[in-house]
Each structure stands twice: as C-alpha cells, then as structure tokens.
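Remarks on the structure that follows.
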Amino acid sequence: MAELQKMGPSEALVETFAAQGVTHVFGIVGSAFMDALDIFPAAGIRFVPVAHEQGAIHMADGYARASGRHGVCIAQNGPGVTNFVTGVAAAYWAHSPVVFITPETGSMTMGLGGFQETEQLPIFSKITKYQGHVNNPKRMAEIAARCFDRAMLERGPAQLNIPRDFFYGEIEATIGAPLRIGLGAGATASAVADLLGAAVCNSYLHNDSFPATHPLAAGPLGYQGSKAAMKLIAQADVVLALGTRLGPFGTLPQHGLDYWPRQAKIIQIDSDPRVLGLVKPISVGIQGDARAAAASLLERLKGRTLAGAANRAERLARIASERGAWETELSAWTHERDPYSLEVASASKYMHPREMLRALEQALPADSMVSTDIGNICSVANSYLRFDRPRSMFAAMSFGNCGYAFPVICGAKVASPERPAFAYVGDGAWGISFNELLTCARERIGVSVVVFNNAQWGAEKKNHVDFYSRRYQGVNLENPSWAGVARAFGCEGVTIERLADIAPALRAAARAQSDGKTTVLEMMVTQELGDPFRRDALSKPVRYLAKYQQYA
Ligand SMILES: Cc1ncc(C[n+]2csc(CCOP(=O)(O)OP(=O)(O)O)c2C)c(N)n1
Ligand SMILES: [Mg+2]
C-alpha cells in the first residue's frame with residue numbers, strides 16, 4: 001500500500017505490522033492500545049495474552065530467535081511497560097530483533113502525575129538499539145516502520161513509544177515496504193573449515209552455531225564447555241572469529257584451562273563494527289556479514305596452496321583424538337568430586353545432576369529446540385547440549401536473568417510449532433517464571449519444561465561453599481510438588497527420581513506437545529554443585545571490625 005490513504009493511526013500501526021510480516025503479538029490487554037487491538041484479527045494478527053509482561057517480552061525474544069523474524073509485544077502504559085524492563089535487557093544482550101510497543105500516558109496530561117504515568121524513554125535508553133517516539137499521530141506509520149527496520153538492521157530491541165491519545169484521529173499515511181540489509185546465517189563456515197582443515201569451536205552458549213556431528217566440531221568454549229575445544233584453540237596460530245563478539249564471559253578460563261591463545265593472530269568478522277577488537281586484541285577486523293565474508297574468503301582461498309595443508313592429516317588426527325578424549329571423560333564424569341558435593345550426594349537418594357543431564361541429552365528428540373536458564377545445573381548442561389542446525393539453542397545470554405528459559409521456549413514454540421521444544425530451568429528460576437503455565441494451558445502452547453529440583457538456589461550456594469565457609473543465607477528452597485502445581489494449572493506434571501524413567505517421560509512429554517499440552521518434568525536431583533560461574537567474581541571475605549571477626 002504505497003499510496004497516501006486516509007486512515008486512523010491505529011490502522012496505520014496495524015497495517016505497518018502486516019507489512020512487516022507480523023502474525024503474533026504478545027502482551028496483556030490494556031485500555032491504552034485497545035483501539036489498535038480491536039482490528040488485529042482483520043489484519044491476520046493473533047494476540048497472545050500472557051500472565052506477566054516480562055513473559056511477553058521474553059516470548060517475543062524466543063519467537064525472534066527461533067524464526068529470525070521480529071518478535072513483537074505490547075503493554076499498558078506505566079506498570080505494564082515497566083514490567084518489560086528485564087526482558088528488554090535480556091533481548092538486548094541476546095541480540096534479538098524485538099519490537100516492543102509502549103503506549104504512554106496521554107500527551108495532554110503528561111507531566112501532571114495522573115494515572116499510570118512515567119517517562120518511558122529514559123528507562124529503556126541503555127537497553128535498546130533504537131527508540132521511536134510518535135510525536136504526532138500523522139507519523140505513526142513512518143516511526144513504527146523505522147522501529148521494525150532498525151531492530152533487524154542492528155539486531156536488538158527497538159521501542160515504539162506512543163502517547164495513548166495518538167491512537168485516535170484521522171490521518172493520511174503511506175505504509176512503506178520493509179527496509180532490509182541482507183545478513184545471512186554463517187552456514188558457509190563449514191566450507192571454510194573443510195578447506196582449511198581447521199577445528200571449529202562454538203562461542204559460549206551458541207552450541208547450535210556449527211553442526212555437532214561434523215568431524216571438525218570441537219564443541220563450545222566457555223563455562224562448562226568442551227575441554228576439546230579449549231585444548232585445541234589454545235594451540236591455534238590463527239583464529240578466525242566468524243560473527244562472534246568474543247564476549248568476556250564466554251572466553252573466561254574453565255576447567256583450570258586458560259585457553260585463549262594470546263600469541264595467535266586473530267581475524268574477527270562481525271556485522272557490528274563496534275565489537276571488532278573490543279574484548280580481545282585482534283590482528284585483522286572485518287566489518288561484514290559473517291556468511292558473505294566467509295563466502296568471499298572461501299573464493300580467495302580456493303586454488304591457493306595453503307600452508308596448513310602440510311600438516312592437515314596430523315591436525316585432523318589431533319582434533320579427533322581431543323574429541324574422543326572429552327567424550328570419554330564426560331561419560332565417566334557421572335557426579336561432582338569436590339568435598340561438598342560428595343557429602344551432599346552421599347546423604348541423598350536422588351539422581352546426580354550430571355548423569356541426569358547425560359540421560360536427557362540422549363533422550364532429546366531430533367531437531368529439538370532447547371532453552372536454558374541461569375543456574376548451576378543449567379550451566380553444567382552446556383557440556384551436554386549438541387545441535388545439528390541453527391536456531392536450536394536459546395540460552396539466557398549475557399544479561400543472565402533467572403526466569404528466562406520458560407517464556408522464551410514458549411515464544412520459540414509459537415514461531416516453530418512443528419519442532420519439539422524444551423526448557424531447562426532450576427527450581428529457583430522456576431519460582432520466578434512458572435506463572436506462564438497459565439498462558440500455555442489457555443493458549444494451548446505445548447512445550448516441555450525440565451525443572452531441576454535440588455531445593456536450593458544452587459549457583460549462589462556454591463559461592464557460600466567456596467567463599468563463606470558454608471554460612472548459608474537465603475539459598476535453601478522449600479518447594480511444593482512442582483509436578484502437582486503444573487497439574488493444578490491444567491498442564492501435565494511428572495516427578496522423576498530415577499534415570500531409567502527420564503527417556504520414556506521425555507518422549508511422552510514431546511508427544512503431548514502436538515496436542516498443545518505442556519508438561520513439567522520435575523527432576524529430583526542431589527544438591528551437588530558444579531564449578532562456579534567464574535572464579536574472578538568474588539574474593540575471600542576480609543573483616544576489620546571486632547564484631548564481624550567470625551565472618552572472615
Ligand atoms: C533475576 C535474577 N535474580 C538473581 C540472580 C542471581 N542468581 C544467579 S544463579 C542463581 C541461582 C539459580 O538457582 P536455581 O534456578 O535453583 O538453579 P541451580 O543453581 O540450583 O541449578 C541466582 C539466584 C539472577 N541471575 N537473576
Ligand atoms: Mg536449584
């Protein structure tokens with residue numbers, strides 16, 4: 001609809017959604033945007049009502065990450081909008097093209113402190129790639145479209161802020177076509193790796209960035225990642241960093257290995273020039289699309305005599321042997337071996353987290369999508385999650401908020417209903433997010449949630465163990481039956497205490513997804529704890545005042 005037409009601003013907004021290919025909008029109903037909501041069905045848009053606005057923005061994030069299209073959500077001005085904050089920050093660091101619509105208090109009462117009023121632009125100013133403010137209803141279509149274009153172009157959340165009286169009136173508007181700069185998935189990476197005979201490491205929490213079954217795949221770097229990947233990259237003389245910002249959290253020493261090859265030449269390619277050389281010193285920085293850059297690199301390398309060809313066979317043998325060694329080590333590593341873990345496990349009849357994660361890995365159906373939360377067991381899961389195609393792993397990225405995984409997998413499932421969908425969630429994080437079971441039951445979104453019931457905020461308890469002589473505060477949980485809670489919400493719930501029950505329960509849960517049924521698989525596990533997130537995060541306590549001496 002490129003010509004100028006008479007319409008209402010709500011129509012201009014909804015027509016822009018349609019032009020941008022929007023089919024789902026997550027949110028909680030509110031008077032502020034009801035005039036636009038009213039016509040969603042006529043534009044082919046399904047409004048997905050949620051339990052909490054944080055759920056809506058996380059679902060939009062999951063939807064975007066699974067589909068590669070925009071995730072969209074909307075909320076009531078004031079409290080509905082402030083409920084978005086954590087989810088926007090999470091989407092920012094997950095580089096998700098989310099457009100969140102924030103109706104604002106009316107333009108004629110702004111500043112008078114009426115109902116549901118707060119300045120909505122400053123709150124989001126540091127966690128958005130773009131903020132569009134509709135300063136005149138006549139600009140609704142123009143500014144809305146720009147939010148969609150910028151979210152995709154800059155890979156991150158864009159805010160569309162609209163004073164609520166600007167939904168009404170008569171305007172003349174043109175609905176523009178989406179503006180897209182082509183960015184491809186880095187699939188060409190395997191061709192480059194094959195030509196070079198180079199090992200391929202996944203960057204932290206991107207285990208779906210390269211097929212795990214490929215013989216050159218070394219596994220993920222970073223926290224609870226693959227020792228094979230770390231040992232191999234440590235020997236590199238050149239690292240080609242393809243479409244990764246080399247985030248600081250994802251390159252920290254792990255398993256006692258300080259693996260980053262400081263002497264190596266680093267070639268970094270990223271579409272965002274601001275991340276080139278930001279975290280790690282580089283030898284060459286290339287601003288560009290990872291796929292296009294890899295393709296042109298491949299063209300230039302073909303037909304040349306490659307220095308690395310001389311020892312290719314030896315290198316391939318080394319890669320295969322490191323992969324094998326890590327697999328063998330992982331299979332034998334059924335439980336943690338530090339004194340705290342040995343003690344708590346011996347007093348428990350429940351499953352060891354590691355052997356449970358291994359059983360889950362083996363039972364996951366082909367083509368599964370898995371989201372993971374922030375917590376000790378979720379992090380250890382990094383060693384046991386392998387994928388063969390992109391858009392399969394949706395970890396809480398560097399914002400690191402507990403309560404991310406469940407709503408995110410709900411959004412991913414709405415985007416890709418044909419794929420089996422699983423969320424891994426610790427019991428503490430589950431307490432933050434289980435309200436969205438309401439949404440699953442009501443909207444018939446069928447996902448499976450694996451809740452790790454270790455009756456503790458484990459990742460933080462690990463700090464009490466390592467640094468505070470086990471002086472526990474606020475880390476022990478008293479859980480209800482989470483399976484029972486799920487059933488009370490109208491979902492399925494199963495409690496699992498034995499390894500042998502994992503595969504059949506997981507398969508049944510996956511089948512139930514096709515009937516739009518969500519299942520909570522409550523895993524009863526010991527209180528063992530894997531390595532801490534990071535060894536540099538805390539220091540041993542030092543106290544100077546007499547009354548605190550026993551706390552040193
Ligand atoms: C919203 C939020 N609050 C607090 C934290 C701090 N935090 C990090 S990990 C963690 C413990 C997670 O416990 P749980 O979900 O039970 O998983 P577990 O570590 O026991 O496997 C906490 C509280 C956080 N990351 N996010
Ligand atoms: Mg826990």
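Quick notes
- Apart from one condition, ASP165 fits all of (1) surrounded by fewer than 16 Cβ atoms within 10 Å (Cβ to Cβ); (2) out of contact with any strand residue (DSSP E or B) (no Cβ under 9 Å at 6 or more places or on another chain); the exception is (1).
- Residues considered: GLY71, GLY114, GLY8. Of these, the only one that is at pLDDT 95 or above and either over 19 Å from GLY176 (Cα atoms) or open to solvent by 60 Å² or more (accessible area, probe 1.4 Å) (or both) is GLY71.
- In the stretch 489-496, the count of residues that are assigned to a helix (DSSP H, G or I) and either open to solvent by less than 70 Å² (accessible area, probe 1.4 Å) or without any contact (Cβ under 8 Å) to a residue 60 or more places away in the chain (or both) is zero.
- Test: residue in the stretch 473-484 that is in contact (Cβ under 8 Å) with a residue 40 or more places away in the chain, part of a helix (DSSP H, G or I) and either within 16 Å of ligand 1 (Cβ to nearest atom) or within 25 Å of the chain's Cα centre (by Cα) (or both): yes
- Leading residue by the ranking (nearest to SER348 (Cα to Cα)) among those in the stretch 448-482 that are within 16 Å of ligand 2 (Cβ to nearest atom) and of a type in the set (Gly, Ala, Ser): ALA455
- There is at least one residue in the stretch 154-167 that is modelled with pLDDT under 95 and more than 16 Å from the chain's Cα centre (by Cα).
- Evaluation of LYS265 against the conditions (1) farther than 30 Å from VAL380 by Cβ; (2) out of contact with any Leu (no Cβ under 7 Å at 6 or more places or on another chain); (3) surrounded by 17 or more Cβ atoms within 10 Å (Cβ to Cβ) shows that the sole unmet condition is (3).
- Residues of the stretch 399-419 that are of a type outside the set (A, V, I, L, M, F, W, C) and surrounded by fewer than 24 Cβ atoms within 10 Å (Cβ to Cβ): GLY400, ASN401, SER416, PRO417, GLU418, ARG419.
- Hey, GLU460 acidic (Asp, Glu) and surrounded by 24 or more Cβ atoms within 10 Å (Cβ to Cβ) or not: no
- Entry remark, the stretch 369-393: residues being more than 16 Å from ligand 2 (Cβ to nearest atom), within 19 Å of VAL447 (Cβ to Cβ) and open to solvent by 10 Å² or more (accessible area, probe 1.4 Å) number 3 in total.
- Count of residues meeting criterion [away from ligand 1 (no atom under 14 Å from the Cβ) and not β-branched (Val, Ile, Thr)] in the stretch 436-469: 13
- Contact map, the stretch 519-543: residues that are within 25 Å of ILE409 (Cα to Cα) paired with residues that are part of a strand (DSSP E or B) and polar (S, T, N, Q), Cβ distance under 7 Å, separation 6+ or inter-chain. Pairs shown: THR519/SER448; LEU521/SER448; GLU522/ASN453; GLU522/THR495; MET523/ASN453; MET524/ASN453; MET524/THR495; VAL525/ASN453.
- Search result, residues across the stretch 406-448 that are under 19 Å from TRP482 (Cβ atoms), among the polar types (S, T, N, Q) and touching a Ser or Thr at 6+ places or on another chain (Cβ under 8 Å): SER448
- Of all residues in the stretch 118-130, those that are within 16 Å of VAL98 (Cβ to Cβ) have Cβ atoms under 7 Å from Cβ atoms of residues that are of a type in the set (A, V, I, L, M) and surrounded by fewer than 18 Cβ atoms within 10 Å (Cβ to Cβ), 6 or more apart or on another chain, in ILE123/VAL85.
- Taking the criterion of being away from ligand 1 (no atom under 12 Å from the Cβ) and closer than 16 Å to PHE489 by Cα, the only residue of the stretch 417-435 that qualifies is ASN435.
- Residues that are of a type outside the set (A, V, I, L, M) and in contact with a strand residue (DSSP E or B) (Cβ under 9 Å, 6 or more places away or on another chain) within the stretch 1-15 comprise GLN5, LYS6, GLY8, PRO9, GLU11, GLU15, listed in sequence order.
- Looking only at the stretch 136-160, and only at residues there that are more than 30 Å from ARG245 (Cα to Cα) and touching a residue at least 24 places away in the same chain (Cβ under 8 Å), the one that is most open to solvent (accessible area, probe 1.4 Å): LYS138
- Qualifying position, being within 29 Å of THR328 (Cα to Cα), within 16 Å of ligand 2 (Cβ to nearest atom) and buried (at least 22 other Cβ atoms within 10 Å of the Cβ), among ALA396, ALA429: ALA396
- Selection of first residues in the stretch 447-464 that are without any contact (Cβ under 8 Å) to a residue 12 or more places away in the chain and of second residues that are among the aromatic types (Phe, Trp, Tyr), restricted to Cβ pairs under 8 Å at least 6 apart or on distinct chains, gives the following pairs, ordered by first then second residue: HIS464/TYR472.
- Of everything listed in (1) open to solvent by 20 Å² or more (accessible area, probe 1.4 Å); (2) away from ligand 2 (no atom under 12 Å from the Cβ); (3) of a type outside the set (D, E, K, R); (4) at pLDDT 95 or above, the single unmet condition for PHE533 is (4).
- Of the residues making up the stretch 284-313, those that are basic (Lys, Arg) and assigned to a loop (DSSP other than H, G, I, E, B) are LYS302, ARG304.
The values are calculated or read from the model by the stated rules, or taken from the named source; none is laboratory data. Predicted model, so just to flag it, every value in this text is computed and none were measured. Ideal geometry is used to build each Cβ from the backbone, glycine not excepted, and the neighbour counts take in all protein chains shown. Keep in mind that these areas ignore ligands, DNA and RNA; they rest on the heavy atoms of the full protein, side chains included. Shrake-Rupley method; radii C 1.70, N 1.55, O 1.52, S 1.80 Å.
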